[in-house]
Amino acid sequence: MNQVRCPTCQAPMSFQARSEWPDFPFCSLKCRRVDLNRWFKESYRVGGDESPSEKDLPAEDDS
Ligand SMILES: [Zn+2]
């Protein structure tokens, strides 16, 4: 009865046993790879944003 939506393409899927669903929670290997690629890109972007903002922080240890 459980309805699950693929996080990539939002396709509704009826829940299966995880042992019969190798691409859980994605509807297919394609969507699984799309999500993986997006996740990697976002983690790279976050890492790139963190370094400059750290330099912009004022030093608070010169009290
Ligand atoms: Zn999908």
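Coordinate-derived values only; no laboratory data. It should be emphasised that the depicted structure is a prediction, and the values quoted were computed from it without experimental measurement. Note that we place each Cβ from the backbone using ideal geometry, even for glycine, and neighbour counts take in every protein chain shown.
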Two-site label geometry, V4 and S28: point separation in nm, points 7 Å out along Cα→Cβ
1.7
In what sequence do E42, E20 fall when counting other Cβ within 10 Å, fewest first?
E20, E42
Between W39 and A17, what length comes free when the chain is fully extended (0.36 nm per residue of separation minus the Cα-Cα distance, one decimal in nm)?
5.4 nm
How large is the dipole of region 3-52 about the Cα centre if only Lys and Arg carry +1 and Asp and Glu carry -1, each at its Cβ, rounded to the nearest 20 debye?
180
